[in-house]
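Please read the structure below before turning to the comments.
Since every read-out is calculated from the coordinates, none of them should be taken as a lab result. Since we're looking at a predicted model, the values are computed, not measured. FYI the Cβ positions are ideal-geometry reconstructions off the backbone, even for glycines, and counts take in every protein chain you see.
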Amino acid sequence: MQKPIISHFTSRPTLTSLSASESFDLELRSPSKINLFLRVTARRDDGFHDLASLFQAIALSDRISFSKLDADAVDDVFECNMEGVPTDKSNLVLRAFDVFRERSGVQQFFRCRLDKTVPAQAGLGGGSGNAATALYGANVLCGQPATHEELLEWSKTLGSDATFFMSEGTAYCTGRGEILTPVPPLPATRLFVVKPDVGLSTPSVFQNLDLSTRSTQDPLALLELHTSQKPGVDKYVNDLEPPAFALVQPLRVLKERLMALGFDSVAMSGSGTSLFCMGTPPAAGWQDGLSKDLPWRVTVYETEFLNRPSGEWYK
């Protein structure tokens, strides 16, 4: 279930430039994720940070279509429906194809179309989900020369979030996010993702992080709160909220506005700028006026938790 309630983005997907009439051999869902909690546990000597976070895949998704090109092809063919998405080697989909060829030894090139819905610079891992989906799809089309364990290892070269999408949809992630501990699926949960029409780069948020202002809650205690379904208003913790809110101060206003509507919890996902809202939604029309007196408009998506059976991709 994914449903945009307000469409305020100035750049919307368009399919006019795509080869819509052409068929593909494989079509896969490319999900996004939220961080049910995100603790920054330490700053590393290499300048990165160690994290402890409960990742959950959600049904707000892109779609990727694949076909194998003829044996004489010397490059991949890639298209995207959303204006502004790079279609050169900087795109994680094409980088995933390169990783597959390098690691598997299978010199196969692909034709690929990416239909985007997941917004960028949202803390939802949309690009990482695309990378993981492309890696999985390439392996399927080539007869699965790589095991799941190999795909999991290869995905680490595509970013820590990409590794998460190789899980079954719920995982406790540590290190830079690439060390996965599988977690049994949580109960089916409906939620709303609120995306303001403003973005933040992940490095800028971490650069503005003051470690002295972090939460003191034990990540394993937070994990227990979620997996046991114990009530706890503070179980949706994100240490990156303060630096993100300092960089884009109206984000705090938006969160307070959402909390005042009566949601049980509202928290930022990843490094932002998306906020997710848990609990029974307010009365009809609650989304009206969310952007009043703010410097940007917002889009609201209704979605739900998403998991996949072992050995299958996300349906």
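General observations
- In the chain, a dipole from Cβ-located charges (positive for Lys and Arg, negative for Asp and Glu) runs towards its positive end, and of Gln229, Pro282, Gly199 it is Pro282 whose Cα lies farthest in that direction.
- Per residue, the convex hull around the alpha carbon atoms of region 267-315 comes to 136 Å³.
- The GNM of the chain, with springs linking C-alpha atoms under 10 angstrom apart, assigns the highest mean-square fluctuation among Ser204, Ser269, Ser128 to Ser204.
- Three-way shape label, region 222-272, alpha-carbon gyration tensor, a/c 1.5: oblate
- In the structure shown, the pairs Lys195/Lys230; Lys156/Lys315; Lys292/Lys315; Lys116/Lys292; Lys235/Lys315 are assessed against 30 Å; a Cα-Cα span above that value is assigned to Lys292/Lys315.
- The overall shape of region 128-169, judged from the alpha-carbon gyration tensor, is prolate: a/c is not under 1.5, and a/b is greater than b/c.
- The region of the chain that goes longest without hitting one of the GluC sites (Glu not before Pro) in a DSSP loop, each with at most 15 other Cβ atoms within 10 Å, is 84-311.
- Under the convention that each Lys and Arg Cβ holds +1 and each Asp and Glu Cβ holds -1, the size of the dipole of the chain around its Cα centre is about 700 debye.
- Relative contact order (%) - the chain, alpha-carbon pairs under 8 angstrom, separation at least six: 26 percent
- Computed over the chain, the quotient of the alpha carbon radius of gyration and 2.2 N^0.38 Å is 0.99.
- Among Ala171, Ala146, Ala73, the residue with the largest mean-square fluctuation in a Gaussian network model of the chain, with springs joining Cα atoms closer than 10 Å, is Ala73.
- By the count of neighbouring beta-carbon atoms within 10 Å, fewest first, Val40, Val193 end up ordered Val40, Val193.
- Rounded if a/c under 1.5, otherwise prolate or oblate - region 189-305, Cα gyration tensor axes: oblate
- Ordering Ala260, Gln108, Ala138 by the projection of their Cα atoms onto the charge dipole of the chain, which places +1 on the Cβ of Lys and Arg and -1 on the Cβ of Asp and Glu, puts Ala260 at the extreme positive end.
- Cα-centred dipole magnitude for region 189-305, charges only on beta-carbon of K, R (+1) and D, E (-1), debye, nearest 20: 160 debye
- Dipole size of region 26-182 about its Cα centre, with +1 on Lys/Arg Cβ and -1 on Asp/Glu Cβ: approximately 400 debye, rounded to the nearest 20.
- Sorted into 10 angstrom bins from 0, the C-alpha pair distances of region 26-182 split as 11, 41, 34, 13, 1 percent.
- Over the chain, DSSP H runs of length four or greater, each weighted -39,500 (n - 2.57), average out per residue to a 222 nm ellipticity of -7000 deg cm²/dmol.
- Here, region 97-146 is characterised by an Rg to Rh ratio of 1.03, where Rg is the alpha-carbon radius of gyration and Rh the Kirkwood radius.
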